[in-house]
1. Please work out which residue is surrounded by the most Cβ atoms within 10 Å (Cβ to Cβ), limiting yourself to region 45-66 and to residues that are among the small types (Gly, Ala, Ser) and closer than 20 Å to residue 399 by Cβ.
2. On the basis of being charged (D, E, K, R), open to solvent by 60 Å² or more (accessible area, probe 1.4 Å) and over 21 Å from residue 395 (Cα atoms), does residue 132 make the cut?
3. When only residues in region 350-370 that are exposed (fewer than 15 other Cβ atoms within 10 Å of the Cβ) and within 27 Å of the chain's Cα centre (by Cα) count, which is farthest from residue 217 (Cα to Cα)?
4. Checking residue 387 against (1) touching a strand residue (DSSP E or B) at 6+ places or on another chain (Cβ under 6 Å); (2) part of a helix (DSSP H, G or I); (3) among the aliphatic types (A, V, I, L, M); (4) open to solvent by 10 Å² or more (accessible area, probe 1.4 Å), only one condition comes out false. Which one?
5. Quick one: is residue 372 modelled with pLDDT of 95 or more, among the acidic types (Asp, Glu) and under 26 Å from residue 322 (Cβ atoms)?
6. In the list 118, 99, 139, which residue meets the criterion of being in a strand (DSSP E or B) and out of contact with any Asp or Glu (no Cβ under 8 Å at 6 or more places or on another chain)?
7. Residue 69 versus (1) closer than 20 Å to residue 396 by Cα; (2) at pLDDT below 95: which is the lone unmet condition?
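The values are calculated or read from the model by the stated rules, or taken from the named source; none is laboratory data. Just so we're clear, the structure is a prediction, and the values are computed from it rather than from any experiment. Because the Cβ atoms are built from the backbone with ideal geometry, glycine has one as well, and the counts that use them run over all protein chains shown. Surface areas here come from the heavy atoms of the whole protein model, side chains and all, with no ligands, DNA or RNA. Shrake-Rupley method; radii C 1.70, N 1.55, O 1.52, S 1.80 Å.
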Amino acid sequence: MTIVLRSDDMRRRNRLRIIQIVRRGGTVSRGEIAQSASLSPATVSTISSELITEGVLVPRSAEIGMNAGRGRPSTGLSVNPQFCHAVLIILKIGAVNIAIVDYAGTVIARQNFHLDMANVTKKEFRNTLTTEIGKAWDASGLAAGKLGHISIGVQGTTDIAGLRLLRSPMTPLTDIPVAFWLEEAFGVPVRLANDCDLIARALNWRDPERYSDNFAAILLAHGVGMGLFLRGQIINGTQSSGTEFGHMLHQTDGALCRCGSNGCIEADAGDYAITRRYRGQPVHATPQSHVEPIEIARIAEAARSGDVLAAEAFASAGRALGSGLAGIFALVDPFRVAFVGHGAAAFDLMEPALRDVLENSNASAASSMPIDLFVDEMPLVFDGCGIGALSEIDATQADRVWENTRD
């Protein structure tokens, strides 16, 4: 099918492409932009001049590229850090982390505070969130007009538009219109995203060669979640952020999951599941509300010291994870996997059972797939949150077709 683009649509696309190339490259010459974007030098010159006038980009004199040589330095382009700013919010069990970043992604302010979302009303949650964001912004000394976007990373499921927190292990509250609250309070676009999606987005941004078209980031913590990239795009549900890897069925009438169902992957692979099995508790015992990472580290140490019960707790987790991956690989073929979170520090104890399940499944070719480990998930969640916010601002600015040169 042939798609015909109007000149305005083409200009918007080219503007966004140029901003994206400069953002990823740091400081990039116009020639490098033209080559990377497959655009003519004249087009790059015209659009980059527009973006400089708008304040989106700034020229910088520097040695650009490998062949700069001697003589007068080339003039490169960078994003203008002062063009606008974004507020990043990470909601997790018991705590809220707020950061303000400039347009180049540099953190200029941070604020953390405790919030017991397990025992808060929607009204209290709204008031606390708006008040603390306001305090953080006021303390930064930035003008109100410099705020361009608010991005929120959450433990939980959002609607597909990223406007509502549908459900979360942080709180019994459901269908929380967080974006609407904050858009009304601060007058800028607000989007929510699942923390696992943000982890996958951050990996793709940090290392686009390793984490390019097809890969998954699986969070191993109190819960088990997945951020999934297929054909270069984050995969979500038809109505919600998905993908609920931890709540895929592993075993009929299996262990009790914190979601209330039986037999979920998480009910064998989450922190509370490993702790429950190690303590010899019934598999249908109520999941522990919170497990400190140090407790999992102690069980892992016991397993490495020969404790059979501890070793079986991790092997059970590995079998559950392998079962879930085998099912996905049967649908879409094997891909690279990164395990993220403090649970990844004990992955060596889960890996043999996981690979054994894959070896004996229809996805046996995946038994030798590459697996990467990232023990600390928070830098990835934060990076993904920032990338999302700045990308939204980029897209909004790209939509501003330069009035004086519109075709």
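1. First, the residues of region 45-66 that are among the small types (Gly, Ala, Ser): 45, 48-49, 55, 61-62, 65.
Remaining after also requiring closer than 20 Å to residue 399 by Cβ: 48-49, 55.
Details: 48: 22, 49: 15, 55: 13.
Filtering first and then ranking leaves 48.
2. Working: charged (D, E, K, R): yes; open to solvent by 60 Å² or more (accessible area, probe 1.4 Å): no; over 21 Å from residue 395 (Cα atoms): yes.
Criteria not met by residue 132.
3. The selected residue is 368.
4. All conditions are met except number (1).
5. Details: modelled with pLDDT of 95 or more: yes; among the acidic types (Asp, Glu): yes; under 26 Å from residue 322 (Cβ atoms): yes.
Considered against the rule, which asks whether it is modelled with pLDDT of 95 or more, among the acidic types (Asp, Glu) and under 26 Å from residue 322 (Cβ atoms), residue 372 comes out as yes.
6. Values: 118 fails: in a strand (DSSP E or B); 139 fails: in a strand (DSSP E or B).
Criteria check complete, one pass: 99.
7. Single failed check for residue 69: (1).
Conditions tested, residue by residue: (1) free of Cβ contacts under 8 Å to residues at least 12 places away in the same chain; (2) open to solvent by 10 Å² or more (accessible area, probe 1.4 Å).
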site	(1), (2)
145	yes, yes
176	no, no
185	no, yes
195	no, yes
201	no, yes
204	no, yes
